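The block underneath contains the structure these notes are about, expressed in structure tokens.
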Amino acid sequence: MDNLAAGVSAVMVAPFTVERRDLGAWDLLQRRMQEAGGSAVMVWLCISADEVRARVERRGAERDLTKLRPDWTAGLDLAPPAAPHIAVDALSGPGEVAGVVLSALSQDVPQ
């Protein structure tokens, strides 16, 4: 919020689990961004459970050991958000992801 209030753009990265499921929570986040001088656009990276697991395995972080249980991915919520969003294939490269997002933003995606 401080960046926005100072006129500096910001990208927030997080699961935003509540905001993507609860339209009221998403509206509240959007209002907070507007009050700070910005706007909120949700970008959803579409990914399969198998790919999530593969990425966690490749990362090899100790904090992920509990995620390597066979049933871990069954508990993941990989459904798209209820809130308006830009959907992007998570298997795309960074340049392609950025291109999809920039293209959607230039078309004035509803927020």
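Miscellaneous remarks
- Each residue in T73, T66 was given a count of other beta-carbon atoms within 10 angstrom of its own, and listing them fewest first yields T66, T73.
- Between helix 49-59 and the chain: long-axis angle, C-alpha atoms, 0 to 90°, nearest 10: 80
- In the chain, helical runs assigned H by DSSP with n ≥ 4 each contribute -39500 (n - 2.57); averaged across all residues and rounded to the nearest 500, the mean residue ellipticity at 222 nm is -12000 deg cm²/dmol.
- When +1 charges are put on Lys and Arg Cβ atoms and -1 charges on Asp and Glu Cβ atoms, the dipole computed for segment 2-106 relative to its Cα centre reaches about 140 debye.
- Each label point was placed 7 Å from the Cα along the Cα-to-Cβ direction; for L91 and R69 their separation is 2.8 nm.
- Along its three principal directions, the equivalent ellipsoid of the chain from the Cα gyration tensor extends over semi-axes of 28, 17, 15 Å, largest first.
- Segment L23-V101, extension gain: residue separation times 0.36 nm, minus the distance between their alpha carbons: 25.9 nm
- Extension gain, A49 to A36: 0.36 nm times the residue separation minus the Cα-Cα distance gives 1.1 nm.
- Taken over segment 8-57, the alpha-carbon convex hull comes to 87 cubic angstrom per residue.
None of the figures in this text is laboratory data; all of them are computed from the coordinates on show. Computed from a prediction, not measured in an experiment: that's the story for all the values here. Backbone-built Cβ (ideal geometry, glycine too); neighbour counts: all protein chains shown.
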